[in-house]
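The block underneath contains the structure these notes are about, expressed in structure tokens.
What follows is calculated from the coordinates using simple rules that are stated; it is not laboratory data. This is a predicted model, so every value here is computed, not measured. So basically every Cβ, Gly included, is an ideal-geometry build from the backbone, and we count neighbours across all protein chains shown.
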Amino acid sequence: MRFLVRATLPLEAGNALLKNPSMGKIMADVLGDLKPETVYYCVDKGQRTIYLVLTVQDASQIPSIVEPLWLALKADIEFIPAMNQAEFEKAVPGLERAVKKYKKY
């Protein structure tokens with residue numbers, strides 16, 4: 001299953017990471033282990049934030065995803081289930097069934 005992972009760096013942790021001469025290696029190590037489909041760096045709600053798109057085959061993989069983000073980046077983590085267009089198209093029949101069944105409520 002695909003997830004959008006939001007890793008938000010608290011101000012002090014982000015400042016410390018930026019000042020660390022090994023920042024490039026730290027980021028390369030974390031991203032090398034996680035192997036995201038894509039990565040976006042941005043500001044979200046005033047905090048340094050990294051968005052990663054990851055495919056997770058099994059829930060047992062979640063600890064190996066969040067631990068590097070917690071330990072190396074001191075990040076706050078949020079996992080958001082996500083679909084691409086092809087996956088959404090496969091979901092449409094189920095959406096239509098749900099609407100038909102539950103629209104009366």
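Taking trypsin sites (Lys or Arg not before Pro) that fall in a DSSP loop and have at most 13 other Cβ atoms within 10 Å as cut points, what is the longest piece of the chain between them?
46-102
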Which lysines have a Cα lying under 30 Å from the Cα of Lys25, excluding residues fewer than 8 positions away in the same chain?
-> Lys35, Lys45, Lys74
Can you tell me the Rg and the Dmax, both Å, for the Cα atoms in region 11-101?
-> 17.0, 58
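Can you tell me the relative contact order of the chain? Whole percent, Cα pairs under 8 Å, sequence separation 6 or more. Let's see the in-between values first.
Working: 123 pairs, mean separation 44.2, N = 105.
It comes to 42 percent, rounded to a whole number.
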In debye, nearest 20, what is the charge dipole magnitude of the chain about its Cα centre with +1 on Lys and Arg Cβ and -1 on Asp and Glu Cβ, if you could check?
-> 540 debye
What net charge is computed for the residues neighbouring Pro10, neighbours being all others with C-beta under 15 Å from the C-beta of Pro10, Lys and Arg scored +1, Asp and Glu -1?
-> +1
